[in-house]
Amino acid sequence: MPELPEVETVCRGLAASLVNATITSAETRAHLRHHPEPSELQDFCQGRTIHSIRRRAKYILVTFAENDGLLLHLGMTGAFKIDGYDGPPEKHAHVIWRLADGRSWRFLDPRRFGAIFICRQDLDKSVPPPLANLGPEPLTADFTPAGLYTATRNRNTPIKNFIMAQENVVGVGNIYASEALFRARLSPLKPASTLSRTACRNLTAAIKAVLTEAIAAGGTTISDFHALDGSEGKFTVALQVYGRNGQPCPVCGQAIQRLVIAGRSSFFCKKCQKP
């Protein structure tokens, strides 16, 4: 599933292509995890001008000039295309927005876990329900070592599970949790409540650094992810532990281990990340 760097990469591409564009129609044959009725989406979008596009957690918020808009989620395999294509809809094109300049903006999703929500409220004054109860954005001043230390007290869940929970901090998925914990020299199995203030400072810095570097590289492509222009994320070559089971640790040379935690593969160095 795309994580924060991948969603941010897509969001920036959409903003560069769609801000100030006007939608003339919205066609949907959606069988997504969540989507409006075709007539509802058409009525809501027709004639609307896109004012801004930004990310919150793993969601993309498209705001219209009237300050309402759409909330989009890529799911596991969602992707967008924007071009002058006017042929038959592609096999996995679930929504097609026609633009006044002749382009079409399409939401493709082979596995259909993506989602589209209509947001009728003033988005400056209220929060759409899917965005309620989310934790801080990790790349803002809201995510701090002191805040992480306070949040982890009396929480005996493994620290990897803790930082992947969206109510604690948003956007840190499986790939970047493994990478950040390696940089912070913390075992993914370490109970969250046992982190010292120093460990929280190191982990906060590692999360920020990993995500920042991954965004600069256009995200990580493991199987399905592609940016708006079709390019793959280049952070794959910078991964130090994720997906490197049995390969030597870049620090000590010991073999990277794979462990399943809460149904997710975790990669770590047993020597560098002692429990």
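General remarks:
- Restricted to segment 91-144, and to residues there that are among the basic types (Lys, Arg) and assigned to a loop (DSSP other than H, G, I, E, B), the residue that is nearest to Thr204 (Cα to Cα) is Lys125.
- Screening Thr150 against (1) within 21 Å of Met76 (Cα to Cα); (2) outside any loop (DSSP other than H, G, I, E, B) leaves a single unmet condition, (1).
- Selection status of Phe117, more than 21 Å from Ala15 (Cα to Cα), assigned by TED's automatic domain parsing to the domain that holds Phe44 and out of contact with any Ser or Thr (no Cβ under 6 Å at 6 or more places or on another chain): no
- Residue list for segment 68-123, filter: of a type in the set (Val, Ile, Thr) and either without any contact (Cβ under 8 Å) to a residue 24 or more places away in the chain or closer than 18 Å to Arg55 by Cβ (or both): Ile82, Ile116
- Test for Asn168: is it in a loop (DSSP other than H, G, I, E, B), on the phi > 0 side of the Ramachandran plot and surrounded by fewer than 23 Cβ atoms within 10 Å (Cβ to Cβ): no
- Filtered residues of segment 83-104 (kept if of a type outside the set (Gly, Ala, Ser) and closer than 16 Å to Pro38 by Cβ): Pro89, His94, Val95, Ile96, Trp97, Arg98
- Filtered residues of segment 82-97 (kept if surrounded by fewer than 18 Cβ atoms within 10 Å (Cβ to Cβ) and either touching a strand residue (DSSP E or B) at 6+ places or on another chain (Cβ under 9 Å) or within 19 Å of Gly173 (Cβ to Cβ) (or both)): Asp83, Gly84, Tyr85, Asp86, Pro89, Glu90, Lys91, His92
- Selection of segment 171-182 for residues being buried (at least 20 other Cβ atoms within 10 Å of the Cβ) and at negative phi yields Val172, Gly173, Ile175, Tyr176, Ala177, Ser178, Glu179, Ala180, Leu181, Phe182.
- Count of residues meeting criterion [within 29 Å of Val169 (Cα to Cα), aliphatic (A, V, I, L, M) and surrounded by 17 or more Cβ atoms within 10 Å (Cβ to Cβ)] in segment 16-54: 4
- Residue within segment 147-160 that is surrounded by 13 or more Cβ atoms within 10 Å (Cβ to Cβ), assigned by TED's automatic domain parsing to the domain that holds Thr212 and within 19 Å of the chain's Cα centre (by Cα) present: yes
- Hits in segment 67-88 - residues which are of a type in the set (A, V, I, L, M), part of a loop (DSSP other than H, G, I, E, B) and under 25 Å from Thr140 (Cα atoms): Leu74
- Of all residues making up segment 196-250, the number that are among the hydroxyl-bearing types (Ser, Thr, Tyr), in a loop (DSSP other than H, G, I, E, B) and at pLDDT below 90: 3
- In segment 175-197 there is no residue matching the filter, namely being out of contact with any strand residue (DSSP E or B) (no Cβ under 9 Å at 6 or more places or on another chain) and within 30 Å of Glu66 (Cα to Cα).
The values are calculated or read from the model by the stated rules, or taken from the named source; none is laboratory data. Every value quoted in this text rests on a predicted model; they were computed, and no experiment measured them. So basically every Cβ, Gly included, is an ideal-geometry build from the backbone, and we count neighbours across all protein chains shown.
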